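What follows is a short report on a single structure.
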Amino acid sequence: MNEEMFTPSGKERLQVARDRENAPYPRGDGKVKLVTTDWLAEHLHDADLTVLDTQPDVHDYIREHIPGAVYLNEGVLRVPDRGFPTTYGPLACLQESFRRVGLEADSPVVVYTSKGAFSGRGDGLAQTMMAYTLAKYGHNVVYVLDGGLDAWKSEGRELSQEFPTVEPSRFTVEARGDYAIGYEEFVRVKDDEDVIVLDARPAKVYAGQGPWRMPGHIPGAVSLPWRSLMDDENPALLKPNDALDMILEEHGIDRSRTVICTCGTGREATNEFILFKWFYLYPKVRLYEGSFTEWAAHPDNPVVVGSEPRERRTEAVSAR
């Protein structure tokens, strides 16, 4: 395997590591970037900055949040549609939510989450789910706080219980259609040689039985658990760049291919979509929002059980 196909050279890795501290990272005109706690502390009182708290429970926000942060739970983003449980809400509803927290499409917004101090819940994904959604629906300057609120707290930084005064904005939702891939297109292209499909779910779910009526995974999908990309203690903190480079190399994720990120409901995959599209600047990245939930809703679709992308000895099995 040619390392240069997948990862930067050693010299470039050192530069990338420095650049990540030189937030916002990376440079360029990407819609989503990474910022550090140092950067946020320095810019916290910028007049045009909105800080968005996406902790898992509103009581977590009430208990503690970064000063000036306004609360917006990811639960407002998705609603059922004709029975299917995980579709985005109507554009008018999303727009009203974004307006109420004062978002402006061209003014920076920092998104963070935590393991809630009150609820004890939170897997770190709320900030990537919100960041992806904001970018998809028209925001142009989205910053993800590397490490989230837990990193902020671990450094002894200021917390607040005050609610900011927020004037509603005139944010206009404009859906960007090139991020997501729908079911019909996914079925058509997923097995092409220039496509790699990733499954961000835990390895044991990828290989066996999750909550879905079908076990296993979509044939051909490569297991890349999103949690393997994050710090062992803090699920909102990315691993160091050299560790990420090695993981990408080991999985053969060639930047010349189209990377399709999948998971169970499209939520876990936002972590990897953001990583590849905006942090690693891969040129062709899509997110299959329906993911395994939509795949398994079609009883005739094949699945593969086990740790390999495809069955080696038997044909892929179908749901009974």
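What follows is calculated from the coordinates using simple rules that are stated; it is not laboratory data. This one's a predicted model, so the numbers in the text were calculated from it and none came from an experiment. Ideal geometry is used to build each Cβ from the backbone, glycine not excepted, and the neighbour counts take in all protein chains shown.
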A chain fully extended from residue 213 to residue 47 at 0.36 nm per residue, minus the present Cα-Cα distance, gains in nm 54.8 nm
Within the under-14-Å Cβ sphere about residue 108, not counting residue 108, Lys/Arg +1 and Asp/Glu -1 give a net charge of -4
Zone reached by a paramagnetic label modelled 7 Å from residue 118 Cα along Cα→Cβ, restricted to segment 27-57 with backbone N below 12 Å, covers 55-57
The summed charge of the residue 278 Cβ neighbourhood (under 9 Å; Lys/Arg +1, Asp/Glu -1) stands at +3
Residue separation between residue 96 and residue 222 times 0.36 nm, minus their alpha-carbon distance, gives in nm 41.6 nm
Here, trypsin sites (Lys or Arg not before Pro) of segment 24-59 satisfying both criteria (DSSP loop; at most 13 other Cβ within 10 Å) are 27
Surrounding charge for residue 118, neighbours by C-beta under 12 angstrom, Lys/Arg +1, Asp/Glu -1, total 0
Taking Cα pairs closer than 8 Å and at least 6 residues apart, the relative contact order of segment 79-128 in percent is 19
For residue 153, the aspartates and glutamates lying under 13 Å Cα to Cα, once residues fewer than eight places off in the same chain are dropped, come out as 38, 64
Taking a crude spin-label model, label points 7 Å out from Cα along the C-beta direction, the residue 284 to residue 194 distance in nm is 0.4
Relative contact order as a percentage, the chain, C-alpha pairs under 8 Å and 6+ apart, gives 19
Tilt, helix 10-21 to longest principal axis of the chain (alpha-carbon atoms), in degrees rounded to tens, equals 40
So the FRET efficiency between residue 172 and residue 311, C-beta based with R0 = 41 Å and rounded to 0.05, is 0.30
The simple spin-label model distance between residue 27 and residue 160, using points 7 Å out along Cα→Cβ, in nm, is 3.3
Note on segment 183-318: contact order normalised by length, alpha-carbon pairs under 8 Å, 6 or more apart, percent, works out to 31
From the cross-link list 31/190; 31/204; 136/204, the entries with a Cα-Cα span beyond 28 Å are 31/204; 136/204
Expressed in angstrom and rounded, the centroid-to-centroid distance over alpha carbons for segment 286-308 and segment 161-187 is 25
For segment 107-163 the trypsin sites (Lys or Arg not before Pro) that pass both the DSSP coil test and the at-most-15 other-Cβ-within-10 Å test are 121
Pseudo-spin-label distance residue 203 to residue 233, built 7 Å along Cα→Cβ, given in nm, is 2.3
